[in-house]
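The values are calculated or read from the model by the stated rules, or taken from the named source; none is laboratory data. Since we're looking at a predicted model, the values are computed, not measured. Reconstructed Cβ throughout: ideal geometry from the backbone, glycine too, with neighbour counts over all protein chains shown. These accessible areas exclude ligands, DNA and RNA; they are computed on the full protein's heavy atoms, side chains included. Shrake-Rupley method; radii C 1.70, N 1.55, O 1.52, S 1.80 Å.
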Amino acid sequence: MSRDLKIRYKRSWLGIGWSLVKPISQLLIFSFLFNRVIPLNIPNYTAFLFTGVLVWSWFSGALTSAALAVTGNAELIRRPGFPVLALPMLTVTSSGIHFLLALPILFVFTFAETGFPGSPLLAFPLLIVLQFFLTLGLAYIIAATHVRFRDTQHMIGILVMLGFYVTPIFYRPDNIPETIKLVYDANPMAWLLGAYRDILIDHRWPDPTSMFLLSSTSAVLLVLGLSVFNSSSARFVEEL
């Protein structure tokens, strides 16, 4: 993981600080657009938006990188005894580090707008763990699939872009038309975002139903992802 970070930011003046540039740039653009140009009239919009952008950046960055977790490390895969299971985990962890580095900035924005959340903040680490497992399960499936179907990387890019707009990142979920509300109701990232905002913006404990669904979905996806990855890993060397 440290090797990946060193290579990514080698000879970069700003270094790992670039991990903060993208979410902050998105925050500024969307904040201007939906506060000044097309006002959505959402209270505490900066905190609302930054929470969505930052959480989605970890999720989307990890899934995009996961496609190359195996195919981009062919030399390691060919080494006898190398723990192949660790590669997708490293991509999720690497993106998660960028998320953790940006958390102090997120707290500054949200606490400045809405105040200190109080005891519900104790549930925040649990959400990070659930997001990690949810993303990791998908990362295992994507990494294994891309070894055999090299179009997976491009398909994930399109799906991540689509997911950004069907997930209530810059708009409120109650603004979703009834005709497509089913897409939101079945979206684990919508449940996760709602839980983060419950804590940081509304200063309340996350909805128990959403937490149960999120925990169950994360567990199922992780088990499924491990199963798919393990069953495919025996053929990695010959397919690379």
_Looking only at segment 212-234, how many residues end up being within 30 Å of SER119 (Cα to Cα) and surrounded by 20 or more Cβ atoms within 10 Å (Cβ to Cβ)?_
3
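Is at least one residue of segment 78-92 more than 22 Å from PHE48 (Cβ to Cβ), basic (Lys, Arg) and touching a residue at least 24 places away in the same chain (Cβ under 8 Å)?
yes
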*Filter pass, ALA47 being of a type in the set (A, V, I, L, M), surrounded by 15 or more Cβ atoms within 10 Å (Cβ to Cβ), at pLDDT 75 or above and touching a His at 6+ places or on another chain (Cβ under 6 Å)*: no
_Against the definition (among the aromatic types (Phe, Trp, Tyr) and in a helix (DSSP H, G or I)), how does PHE116 come out, yes or no?_
no
*Would you confirm whether any residue within segment 184-193 is open to solvent by 30 Å² or more (accessible area, probe 1.4 Å), among the hydroxyl-bearing types (Ser, Thr, Tyr) and closer than 25 Å to SER25 by Cβ?*
no
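Yes/no per residue for (1) open to solvent by 20 Å² or more (accessible area, probe 1.4 Å); (2) polar (S, T, N, Q); (3) in a helix (DSSP H, G or I):
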| position | (1), (2), (3) |
| --- | --- |
| PRO125 | yes, no, yes |
| PHE132 | yes, no, yes |
| ILE142 | no, no, yes |
| HIS154 | yes, no, yes |
| GLY157 | yes, no, yes |
| VAL160 | yes, no, yes |
| PRO168 | no, no, no |
_Selection from segment 26-36 of residues that are over 18 Å from PHE59 (Cβ atoms) and modelled with pLDDT of 70 or more_ = LEU28, ILE29, SER31, PHE32, LEU33, PHE34, ARG36
